[in-house]
Amino acid sequence: MPIAILSALAEEQNGLVHLLENAQQIRHAGRNFCRGKLHGQEVICALSGIGKVAAATTAAALIERFGAKAIVFTGVAGGLGDAVHVGHVVVARQYVQHDMDASPLFPRFEVPGYGRVVFDCDTALTNALLQAVQACVQQQAGRWTAELGLGAPQVHEGLIVSGDRFVSGSEEVAQLCQGLQRAGLQPLAVEMEGAAIAQVCADYGLPFAAMRSISDKADDAAHVDFPLFVQSIASRYAQAVIEELCKRL
């Protein structure tokens, strides 16, 4: 079963790509795809691009052109939950598009034509990803966060929200969370791609799972240098977790 590994940033996938056996680079739809094997599992690595449209295009290409049977996303996000801090990891159970608003024709956050707000991640694949993340946190990740002066990493699971804007201010975070909470939603993290991929996978009936390492609190305070975080923590999470996941699959 070919499994696709998506990330938004090249730095997160460099380590993974170098580990692939019999790697083959393919250019398609303006993107570079790398196909090979990792611990006996057929893997296709690709960069999603930034934003929902780019992510959806990449996901569709992986399914239509490369025959992906499951998609896993690994990347960074801003933390929204009170207990979610820089260096922690959120494993998605559900996704919502926080900027979807077709009211008054449809309720706020509902995706027209689907009759729902929430897109669930695949339970079995998410459980396997969660176990791989937990193993990484228990065995390795504490050393990585310590290098940047961060606290011990923790794993969270729940709702991640996506939208086509970079959320980076305290007031914007408060408004975002209040709007979601009024709809009965409790977000743990915010990013720009996952909900689109979840919708594409729902269309095709494919399993989808995602993890996000928390690089900031999506507010005005810069807790750590972002490029340094990606290199020192996010890229390590991507490599270690996906390796462990492939072993488990």
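The numbers here are math on the coordinates, done by the rules we state, and not lab data. None of the values given here were measured: they were computed from a predicted structure. No Cβ is skipped: glycine too gets one built from the backbone with ideal geometry, and neighbour counts run over all protein chains shown.
General observations
- Considering only alpha-carbon pairs that sit under 8 angstrom and 6 or more positions apart, the relative contact order computed for the chain is 30 percent.
- Centre separation in Å (Cα based) which lies between the range 83-128 and the range 1-80: 21 Å
- Put simply, the amide H of GLN97, placed in the peptide plane, has neighbours under 5 Å in SER162, leaving out anything fewer than 5 places away on its chain.
- Most mobile listed residue (LEU159, LEU148, LEU105) in the chain, GNM with C-alpha springs under 10 Å: LEU105
- Net charge of neighbours whose Cβ lies under 13 Å from the Cβ of GLN25, counting Lys and Arg as +1 and Asp and Glu as -1: +3
- Segment VAL155..ILE26, full-extension length gain: 43.0 nm, with 0.36 nm per residue of separation and the alpha-carbon distance subtracted.
- In sequence order, the range 94-102 has phi-based couplings of 9, 10, 9, 8, 6, 9, 7, 8, 9 Hz under the Karplus curve 6.51 cos²θ - 1.76 cosθ + 1.60, θ = phi - 60°, and Gly or Pro positions carry x.
- Cα principal axis extents for the range 1-145, largest first, Å: 52, 38, 26
- Net charge contributed by nearby residues that have their C-beta within less than 13 Å of ALA183 (K/R +1, D/E -1): +1
- Kirkwood estimate for the chain, i.e. one over the average of 1/r between Cα atoms, Å: 18.0 Å
- Within the straight-line cut-off of under 23 Å between alpha carbons, the lysines reachable from LYS247 are LYS37, LYS69, sequence neighbours fewer than 8 places apart in one chain being disregarded.
- The convex hull around the C-alpha trace of the range 205-249, projected and averaged over every direction, spans 4.4 square nanometres.
- Derived scalar couplings between HN and Hα for the range 36-47 equal x, 10, 9, 6, x, 9, 6, 10, 10, 9, 7, 9 Hz in order, rounded to whole Hz, by the Karplus curve 6.51 cos²θ - 1.76 cosθ + 1.60 (θ = phi - 60°), x for Gly and Pro.
- Taking amide H atoms as placed 1.01 Å from N in the peptide plane, the amide H of HIS88 lies under 5 Å from those of GLN154, ILE214, each 5 or more residues away in sequence or on another chain.
- Sorted on the mean count of surrounding Cβ atoms within 10 Å across their residues, most packed first, peptides 70-79, 201-210 read 70-79, 201-210.
- If you take all other residues with their beta carbon under 15 Å from the beta carbon of ILE50, and give Lys and Arg +1 and Asp and Glu -1, the sum is -2.
- For the chain, the Cβ-based charge dipole about the Cα centre amounts to some 660 debye (Lys, Arg positive; Asp, Glu negative; other atoms uncharged).
- Other-chain or far-sequence residues with amide H under 5 Å of ASN32's (modelled H): LEU47
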